[in-house]
Every structure is written in structure tokens, then in C-alpha cells.
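Heads up, the thing below is written out as C-alpha cells.
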Amino acid sequence: MRHLLPLLVAVPLLGAALLVALGRLLPRAAAEITGCAVSAATAALALVLLLDSSPPLVEWVGNWRPVDGRSVGIVLTGDGPALGTAALASLLTCAALAYSWRYFEEPPRGHAGAFPALLLVFQGAMCGFVIAGDLFDLFVFFELMSVVAYVLTGYRIDDAKAVQGAFTFGVVNSCGAYAMLLGIGLLYARTGELGMAMIGRGLDERAPDGGPDALVLAGFVLVLTGLLVKAAAVPFHFWLPDAHAVAPTPVCMLLSGVMVELGVYGVWRVYGTVFSGPGGIPAPDLTRVLVTLGVLTAAVGAVMCWYQRHIKRLLAYSTVAHTGLFLIGLGVLTPEGDDGVALYILGHAGVKAALFACTGALLDRYGSVDEHELHGRAGAMRGFAVMFAVGGLALAGLPPFGTGLGKAVTEEAVGGPLTVVYVIASAITGGAVLRVAARVFLGLGPRPEDAAEETGGSDEQPETGGILSRVPDSMTAVPAVLLAGALAVGVAPGFGDLVARSVNEAGSGGAHAFAHWTAHGVLLDLLATALAAGLAALAVTRPHRVAAPDWALPLRRVQSGHIGDYVAWLLIGTTTLAALALPAVVGG
Amino acid sequence: MHVFPYLVAAYVFLTGCHGLATSRNLIHAVGCLAVCQSSTYILLLAVGYRDGGTAPVFSDIRPGSRPLVDPVVQALTLTDIVVGATVTALLLALVLQIAKRHGTVDPDELRELRG
């Protein structure tokens, strides 16, 4: 079975090549069907391999096996989390392709295959990123994924905001990627290896007096910078709202649903295989780094999410807040935390992609994604109203959605005061979505006043040929299926335990935790949902009570839209990372 | 002497970042990003350098007769250059489009996406 691992990358890339070569000749329907078939086939392959992934599959590509413990070949690792994430990315790509079926005006005329081909390259890069077993491949797939993401973000090249957002995305992410490559170079200098497991072993053997030194710390900080830029942790997150707000909706579904989470996955993978040994970064220092950044990210994301009126930006900041929650869950370094985060990511992918899909329908029906302008106008879209509200409740953690199960398991793992962060961040992000649902679909409350220093969404271009008079069935079915998937993560009997088992097998070496609903978790989830509903009700009935206070203004001004500021924040973030991890070396 | 190339790489990276942070022209910013990237070439090649080593090409020398520089980092650098060329070309294309749609390449005037 392990010989099939490279196909996870090869199949989508070949499909993309086929579409590029024949795209001119094919009618649009044929190109779309080919795209869907290829992504679905890759998803099926990932699922088949996943069932066979115990013990983990290891493939040396081209049979370049290590000689005397030294390797120069490319190694792919297919364990539970890797193949599970590959399956998630593939399924979501398939959903995005199905959604774009009736969505775009034919892009660009005469090249029906261009858009599906780009999505397939994106899918191949994401699959490659998760199964990469050595750091340089991780970098290459990271860059391939990034470059395709820039192209997809700026896909509507006639739209002024889209090219601007894509440029910001490109510069900030490339900067992070180069930092990561510097870190990889340093680790190679120390160990002479690129395979992650071998670097880990090399660091442990070469550690002077048994602990990490400045070079290991620098390598750790630089590699983590690249991954955290992708994960959009504060203060590396500035590119995300710009990119997500301007990208075409099917692309948003992938960016928010799975690409950002791949950064979190990378942090987990790299720490677990490279830095967790005695020559790497000690556990308390990693916990300090991830929990501090996680709390900061959750707080900033939630506050910024609440004060958005551009619905896509609101959802983008909600992704930032949830990234913070994922980082906290990983940071406590317990098997239960890892399980919870895995379930949370699965549920979040379904819910967030569904919410973006609903927003896309609004954009094409009314030519706007501005909460204020759409106030009360979308009353006719009853199905979408229900899905949007359900998505908001699921985001807040309503049982029995997968988001609720993941959140409950993670909350139990982090324990204590950090639980409060989970409840509040999910309540605020869920509440913001519910507020939009109440205003836009039901027309409740007065029309809110416009504030200074904010991005509206009233002059967005619809992505279809013109304003739609009726939303096509494919665009309704996709969010419904995605929400059903997020529900299934929480209710399917034994699914939580299945995920927990496969995550623990890869991560914590056999310690098996149980991931299931507990009374405590259900109560906390219900509390967060009630808080979200309360916040939304308050915002709709008494807008001035929850208007932006003075202390929130500087936070919004920081998001200045200026690329130079974002690069400066990236450097500040790297320095902060180094300062937080410094005791590992000094205390040694 | 051994620390020197690392310091140069760090200096070049920070210079590029400084240029990015203070740039008043997007084409200049893309150039600065390329400067950031060239620091990775310096670092990788410095890591693989051996005193008295020759290029890892075996057309005219017998394998094992002379010390070689590390071919792995050279392969990495080549891959890196390919990646860099792609990114730079794409970003320059985006700058062209920004210039067409906004009528400016000054980042100070591109502040619609804020808050």
C-alpha cells in the first residue's frame, strides 16, 4: 500500500495537467466533471490508505533508501493524521469544485479547465504538505500551496481589491517561507539530515551537555515563523482577512476550511518529530510559546470578528480566533488536546466552508456582502437563512456538532482558566454570525450606523455572470452537505474514538485517550451557545450597547492595509517567539 | 570565520525586510523580497562549503579523489531559485494589475482593506 502514497500528489497534478492541456477543447461541463472526478478519486485514495495506515506507511520515493542511517532521498509518511488531513483537503476541494459548477462566469473564455486545474494543483500541494516526511519537501509543498493560493486569491484579476489582497498575501507568506527555509538550513547544518525523524535523532545525539543551544533555538523559531504565518497566528495574521475577503468564494472555502489549519498541523508535526527529544525544545517552553500566542490570537480574532460588517472578513477573523484555540489545544501537549484539536478542525472545516458558501450565494444574489447594506434584504432566501443560523450555532459549539465535540474534548484537556478562553472566543465568533443572520435574513432591529476605519462590502462584484435571480441547486446543496458532515463528526458513534486512536498512534506513542461527549463538555458547549445567542440578541436590539469601545479602535487601526506594517509585525512576531522560547537555552 | 557567513545571511535577510517595511513602491518591494530570499542562498551554500572542496561534478575527476562541497544544499538552492523565480514573476504580474486598477504602485495609497 505504501507505494500508493505518492499518488496522493501525482493524481491531482496529472489531472491539472490534463485540464490545462485539453481545457481549450473541452466544454465547460466536461472540464468541471473531470475536476470533480479527479479530486473525488484522490479523496477515495486517501481514505483507502487511511484505513491501512496502522502501522504508519513510510515510502522512500524512487527507492532511495537510507544507507547506514544517512539518507538523501525523499521520504513520505502516511500516518493517521497525515492521511486524515489529506482526505479532508481532498473532500473540501471536491465540494469547492461542485460549488463553483454554476457559480463562475466561464473563466476565462475558451479555457474552461483553468479554474479546476488550479484547484487540483492546490489540492495536490496540500496533500503533499501533509505527507511530507522531510523538512525540505515540507518547504517545497508549502511554497507550491502558497503560490497557487496567491493565484487563486487574485483570480478575478479585474477586481482592484482582489489583486491587492493577493499581493499582500504573497509578500507576507513568502517572507515567512524564506524564514522557514533559513531555519531548515540551520538544522541541516547541525545534523546533515533533512528527514524530520532523522533531524530529531541528530539533534538529540549532538546536543552539547544534553540541551538545546542557540542554533537549535534559531532553527526552531525560524521554522515555526513560517508555519505560524500560514496558520495566521497573531501577529502573523494580517494577510488573512485581506486574502479571504477578496478571494472567490470556492477558494475561501478551501483557504479557511483547510489551508490555515495546515499551518497548525505543520507545527504539530514538526514539533512532534523534530524538536520533542532531549536535544530539542523542552515541553514547558513549547507550551509557553503556543499557549501565549494562542490566547492572543483567540482574543484578537474574536474582537476583530465581532466588529466586522464585511461578512467574508467577519468569517476570516473567526478563522483567526479558532486558530488560536487550536494552538492552545496543541500547546498543552496532552494526547487529549491533540484529539480535541483534530476533531475541532474536522468540524470547523465543514461549518466554515458552509458559511462561506452561504455568503457567496448572498453576494451573487444581491451583489453585496455588507451586513449594513443587506439589512433585511435577504428575507426570501429561507434555506440559506436556516443554514447560516445553524452554521453560527455550530461555530459557537452547539452539541452535537463536530465543533462542539472537538471543543469539549479540548476544553477538558486544557482545563482551568483556559477553558474560559474557549467559551468566550467561540461565543463571540458564533454570536457575530448569528447577528448577521438575524439582520440580513430576518431584518431584525434598526439598521446599524457606519463607523470610521472599516472595510464595508457593498461594492463587491458578484462572481457570476450577473446578479442571480435564483440560486442554483448545486450552490444550495454544497453548504447543506458540509453542515451535515460537520454534524456527522459529532454524532457518528465511535468516530471521535477512531480519530483519537489514529492521532495518538502517530503522536504520543500508544497512549490512548477517549474522545466522547461528557456532561461537563455538553454543559460548557450549551453555555457558549447561549452566550452567542444572547450577544447576537443584544447586538440586534440595542446596537449602541455593543458598539466598538475606545480600546478596540487601536486594534482595528493596526490592521492598516499597509504591506510594510505587516512585514514589520512579522519580524516583531519572530522576536516574540524567540523571547518566549529563550528559557529553553538560558535555563538549560 | 565560521560564523561570518551566518551573520551575512542574517544581515541580508534583515536588510530585505527593512526594505519591505519602508518601501514606497511595490516593484521595489518585490525586489526587497528577492533580497530576503537571497539570504537563504547564502546560508545554504555556506552550510555545504568545504575548504578546498570542488564542485560535485564527476565528468573529469575520479570519484573519491578530491573533497567535494555538499551537493545536497546545492540541489536545495537550485530548487529555491526556481521557487523564487515563480513567486517573483507572479508578484510582478500582480503589481502590474494593481497599477492598472488602482493607478498607483505606492503602498501608502493602497489602504482600502483596513479595519
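Per-structure values
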quantity: Inter-chain Cβ neighbour average for residues B:67-73, partner chain, 10 Å; calculated: 2
quantity: Cα long-axis angle, helix A:160-191 against chain A (0 to 90 degrees, to the nearest 10); calculated: 10
quantity: The stretch A:165-269 - charge dipole about Cα centre, Lys and Arg +1 at Cβ, Asp and Glu -1, debye rounded to 20; calculated: 140
quantity: Pairwise label distance in nanometres, A:R377 with B:L7, each label 7 Å out on the Cα-Cβ vector; calculated: 6.2
quantity: Rounded Å value of the spacing that divides the Cα centres of the stretch A:523-579 and the stretch A:421-436; calculated: 11
quantity: Lysine pair count for the protein assembly as shown [Cα-Cα under 24 Å; pairs on different chains or 8 or more apart]; calculated: 10
quantity: Percent RCO, i.e. relative contact order, over chain B, from Cα pairs under 8 Å lying at least 6 residues apart; calculated: 27
quantity: Positive-end residue, the stretch B:35-115 charge dipole about Cα centroid, Cβ charges, pick of B:Q37, B:P71, B:V95; calculated: B:P71
quantity: Only Lys, Arg (+1) and Asp, Glu (-1) charged, at Cβ; the protein assembly as shown dipole about Cα centre in debye; calculated: 900
quantity: Exposure proxy ranking, count of Cβ atoms within 10 Å, fewest first, for A:M381, A:M196; calculated: A:M381, A:M196
quantity: Between the stretch A:341-409 and the stretch A:39-111, the alpha-carbon center distance in angstrom; calculated: 27
quantity: Cα-based shape type of the stretch A:256-318, given that a ≥ b ≥ c are square roots of the gyration tensor eigenvalues and the cut on a/c is 1.5; calculated: oblate
quantity: For chain A, the Rg and Dmax computed from alpha carbons only, in angstrom; calculated: 22.5, 73
quantity: Formal net charge of residues neighbouring A:G62 (Cβ-Cβ distance under 15 Å; K, R +1; D, E -1); calculated: -1
quantity: Length gained when the stretch B:R66-B:T104 is fully extended (0.36 nm per residue, less Cα-Cα span); calculated: 8.1 nm
quantity: Under DSSP loop assignment and at most 13 Cβ neighbours within 10 Å, longest chymotrypsin sites (Phe, Trp or Tyr not before Pro)-free interval of chain A; calculated: A:65-513
quantity: Between helix A:311-331 and chain A: long-axis angle, C-alpha atoms, 0 to 90°, nearest 10; calculated: 30
quantity: Label point distance in nm, A:R447-A:M1, each placed 7 Å from Cα along Cα→Cβ; calculated: 5.9
quantity: Efficiency of FRET from Cβ geometry, A:D550 and A:R70, R₀ 56 Å, rounded to 0.05; calculated: 0.40
quantity: Selected from A:Y155, A:L255, A:G192, residue furthest toward positive end of dipole (the stretch A:151-262; charges at beta carbon); calculated: A:Y155
quantity: Charge dipole magnitude, Cβ of K and R +1, D and E -1 - chain B, Cα centre, debye nearest 20; calculated: 100
quantity: Amide H contacts of A:V58 (H built 1.01 Å from N, under 5 Å, at least 5 apart or other chain); calculated: A:G78
quantity: Sum of -39500 (n - 2.57) over DSSP H runs of 4+, divided by residues of chain A (222 nm, nearest 500); calculated: -23000 deg cm²/dmol
quantity: A:I33 versus A:I572: modelled label distance in nm, points set 7 Å from Cα along the beta carbon direction; calculated: 5.4
quantity: Geometric extent, Cα atoms of the stretch A:298-341 - Rg, Dmax (angstrom); calculated: 12.3, 38
quantity: Using alpha-carbon coordinates, inclination of helix A:7-22 to the longest axis of chain A, degrees; calculated: 50
quantity: Dipole of the protein assembly as shown [Lys/Arg +1, Asp/Glu -1 at C-beta], most positive-end residue of A:A438, A:A552, A:Y566; calculated: A:A438
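Every number in this text was worked out from the coordinates using simple rules, so none of it is lab data. On a predicted model such as this, the values are computed, not experimentally measured, just so you know. Virtual Cβ from ideal backbone geometry, glycine too; neighbours counted across all protein chains shown.
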